[in-house]
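Before any comments, here is the structure.
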2 protein chains.
Amino acid sequence: MARPQATPESPGSRALVVDLIRSAGPISRVELTTATGLTQPAISLIVRKLLDDEVIVEAGTVPSTGGKPRRLLDINRRARHGVGIQLGFESVTLVATDTNGGVVARERLPGVGDDEPAGVIERLAESMRAFMTAADIPTASVQGVAVVLPGPMRPDPDTVIEAPTLPHWREVALRSAFEAALHMPVLVDNDASAAALGEFWSRGVSRYSSFACVYIGSGIGAGVVADGALFRGSSSNAAELGHITVDLAGPACFCGNVGCLEVIAAPRVVVAKALAEQNLARTLELDERATVAQNWEVLSRAAVEGQPLAAALVTESARAVAGAVLTLANLFDLDEVVLSGPGVATAGSIFVREVRAAMGRAFARNAHPTAVELSINPTDSAAIGAAALTLQGQLAPGHGPALRFAGP
Amino acid sequence: MARPQATPESPGSRALVVDLIRSAGPISRVELTTATGLTQPAISLIVRKLLDDEVIVEAGTVPSTGGKPRRLLDINRRARHGVGIQLGFESVTLVATDTNGGVVARERLPGVGDDEPAGVIERLAESMRAFMTAADIPTASVQGVAVVLPGPMRPDPDTVIEAPTLPHWREVALRSAFEAALHMPVLVDNDASAAALGEFWSRGVSRYSSFACVYIGSGIGAGVVADGALFRGSSSNAAELGHITVDLAGPACFCGNVGCLEVIAAPRVVVAKALAEQNLARTLELDERATVAQNWEVLSRAAVEGQPLAAALVTESARAVAGAVLTLANLFDLDEVVLSGPGVATAGSIFVREVRAAMGRAFARNAHPTAVELSINPTDSAAIGAAALTLQGQLAPGHGPALRFAGP
């Protein structure tokens, strides 16, 4: 990517400095000057503002050659917290992170299921209060709450139009309903986008990389980070990997398209296939009344352990995903792909193997490789990323979410 | 897209002002202040610099209510020229544009064919000199020359690694060879990317749009413009639409992938199919010794005029392209797609019809529409865009090409 010119006044400079302190801190002002290419007065100005905003703190000194000791700067980890809520049909995950993106608390709750929004939101607000008390997180330190769920969404920040896996949640004014219940600023975003941002941050990926996170839950999504910011497109509905056609002769998808990756390869589809194989279902004790996640977990474990039919079904899914990731890599000219989401928690090795093989056919493979890795915490990745989203606007203005806090 | 904050020092502010003058000029400083949201001193500063750089000129006055008349500003159209060279197997197009992107000269030359690079470059340099003399373009006014051709390319600005349609041109240090022959700064870029930038400029697309240009020559490419700049990815090989798999069971592609859009739907493939249909080939007088472009032109005209088999072949190609454009729209969350390239010069209406139909299945269709239009000059689109590329770096620093001029 073209390296943008940094000026002290541009939001990018502040973001750059925060990123450097986060990845290389404790660090001195002199080192920041060298690393950023900004002038000394510019660095002083930005650092003073960040100290005032309590985004960073002074953290000791180091001796300097022939002068006064240099004061070191570090991220102020506990000054602010971000809270992420991943809203799913089968489970809801709450995560709180410090300013550095470190997870300080986590809780898994029952999913939304067929319940009506009002009751779910009230229940969640109750859980949140208990969660924050238990983790000793003062309300005043919470920068905001990000609620993440599958798309598509409308750019209007208040409404989710169609989350096909949450049938009762269409046309709900989600942001204001959560703000009213939580008494905190709330933003609503796509779960795969949040996971992408979280992975980008926690892995310390270069802001000059073209980076993607492929998120496999019961469905399949993705997020792309380019030039250090989420690629959002027109309406924050970019990178919908689950809804690209991978088989022209494939079945119709709920999204209105045909042969989408989701209807070919999503865990919910593969689990349905496995349940239909009576011998396999009996051998593995798959249960029609269990959740997709539970059955997928059993099927994934059997696949990893070499049960032939389970391995064939999971590998078939992984190959379809790999083909779609190759399309993503060719269109975004990717340096790096991370596979994440609960869907790869157990069978991740199979998915990594197939996606790596596909990258051998990437259009620009002679220009640069495309690295393929597995998330360190695939299950909580979207909730952690959501918490990061709430902090990003504060830490790096200009690179924040398109769906901004309106404030309570 | 999130609207970035503008500050007088950021390259984005200069670009914003130039864009406004280009699209709305002649325009006064007061109007610029209102339209940009920048302060009056900031606008004064930027305008003074642009006048000094001869990017803009003063262009008369308008009366003002109760004060001295307002001086108007306009783009200095003839101060600088950009020259674009589209290098193709079958034809080479030269275009010169003024600062406003207006075409001031154009010439079509025989293609590269099977000739060796050295001879072609010498011949081209000769043609360029005659071209500039005839068009009365002083050498000193030429900002630079952009040579555009199909990918993939290496980020190293001097070398094209594989232009599969130009077999003798692999591992040629293209930029320095052209600079040595032309005695002007040269940049090398992808033809579809250049077309995308040219269409973005000439159509006055909002810099907050997610915009793509799909380019059909004898092959198929694309370029994406987001936040007012070409989306380049890791190595300027982004948006390679011709090399995404559209049929998993499809034939192998020269790129190393299988079932690529190019091997299913590119004009060179459809022409080969038409030549194999002996009745059709005889009726339309298709000629095996003619170029792909010539045969495709005949086939396209027959399709538009309703010849059933020709219409079926072209429509089949257009449907495959439409499916791939839907993938592009879903991944980049596009507002607008323009179809361009010589391949749609005659049968454009068929391609527009099929792509528009596909947009009815776009994932975010309830959030926003995706407009589909045809280029005003599909045949010269890449060469015009190339000329625009040479000027962009000057007019809007920070949004210029990744492959920058090194200077002669």
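The values are calculated or read from the model by the stated rules, or taken from the named source; none is laboratory data. Predicted model, so just to flag it, every value in this text is computed and none were measured. No Cβ is skipped: glycine too gets one built from the backbone with ideal geometry, and neighbour counts run over all protein chains shown. Each accessible area value is taken on the protein alone, full model and side chains, heavy atoms only, with ligands, DNA and RNA left out. Shrake-Rupley method; radii C 1.70, N 1.55, O 1.52, S 1.80 Å.
Observations, loosely collected:
- Normalised convex hull volume, segment A:191-244, alpha-carbon set, Å³ per residue: 69
- Directionally averaged projected area (segment A:64-147, Cα convex hull): 7.1 nm².
- Contour minus Cα-Cα distance for residue A:183 and residue A:312 (0.36 nm per residue): 41.5 nm
- Enclosing the Cα atoms of the protein assembly as shown in their convex hull gives a volume equal to 192 cubic angstrom per residue.
- In chain B the Cα-Cα distances spread across 10 Å bins starting at 0 as 5, 22, 30, 25, 13, 4, 1, 0 percent of all pairs.
- Residues along segment A:329-369 losing 40 Å² or more of accessible surface when the other protein chains are present rather than the chain by itself (probe 1.4 Å): A:330, A:331, A:332, A:333, A:361, A:363, A:366, A:367
- Within chain A, percent of DSSP bridges classed antiparallel, to nearest 5: 65
- Solvent-accessible area lost on pairing B with A (1.4 Å probe, both sides summed) amounts to about 4300 Å².
- Distances between equivalent label points of residue A:20 across the copies, with each point positioned 7 Å along Cα→Cβ, amount to 3.2 nm, shortest listed first.
- The orientation-averaged projection of the convex hull spanning the C-alpha atoms of segment A:204-379 amounts to 10.6 square nanometres.
- Whole-number D in µm²/s for segment B:11-75 (Stokes-Einstein; Kirkwood sum over Cα pairs; 10 °C, 1.306 mPa s): 136
- Pairwise FRET efficiency - residue A:356 versus residue A:118, Cβ, R0 = 45 Å, nearest 0.05: 0.50
- The angle between the Cα long axis of helix A:267-276 and the longest principal axis of the Cα atoms of chain A comes to about 20 degrees, rounded to the nearest 10.
- Gaussian network model of chain A, springs between alpha carbon atoms under 10 Å - residue of A:233, A:223, A:242 with greatest fluctuation: A:233
- In the protein assembly as shown, taking the dipole from charged Cβ atoms about the Cα centre, the farthest positive-side position among A:245, B:251, B:118 is held by B:118.
- Inter-copy label distances for residue B:126: 8.8 nm (label point placed 7 Å from Cα along Cα→Cβ; shortest first).
- With the convex hull drawn around the C-alpha atoms of segment A:1-127, the volume per residue stands at 158 Å³.
- Based on protein heavy atoms only, the protein assembly as shown ends up with 38 Å² per residue of surface accessible to a 1.4 Å probe.
- Projecting label points 7 angstrom from Cα along Cα→Cβ for residue A:170 and residue B:279 puts them 4.8 nm apart.
- On the basis of the beta-carbon distance and an R0 of 56 Å, residue B:301 and residue A:203 show a calculated FRET efficiency of 0.55.
- Residues along segment A:245-259 losing 20 Å² or more of accessible surface when the other protein chains are present rather than the chain by itself (probe 1.4 Å): A:245, A:246, A:248, A:255, A:256, A:257
- Shortest-first nm distances, residue A:78 label point to equivalent points in other copies (7 Å, Cα→Cβ): 7.2
- Within the accessible area of chain B (1.4 Å probe), percent carbon and sulfur: 52
- Electrostatic dipole magnitude of chain B [Cβ: Lys, Arg +1; Asp, Glu -1; Cα centre; debye, to 20]: 1300
- Packing around the peptides B:42-52, B:138-148, A:282-292, taken as the average count of other Cβ atoms within 10 Å per residue, puts them in this order, highest first: B:138-148, B:42-52, A:282-292.
- When the P(r) is computed for segment A:244-295, the part past 14 Å accounts for 55% of the Cα-Cα pairs.
- Among the protein heavy atoms, those of residue A:89 account for about 90 Å² of accessible surface (1.4 Å probe, every chain in place).
- Crossing angle, helix A:381-395 versus chain A [Cα axis fit, 0-90 degrees, rounded to tens]: 30
- Top positive-direction residue, dipole computed over segment B:188-292 with Cβ charges, set B:290, B:271, B:202: B:202
- Sorting the segments B:178-184, B:375-381 by their residues' average number of neighbouring beta-carbon atoms within 10 angstrom, most packed first, yields B:375-381, B:178-184.
- Per-residue accessible area (protein heavy atoms, 1.4 Å probe) orders A:13, B:127 as B:127, A:13, starting from the largest.
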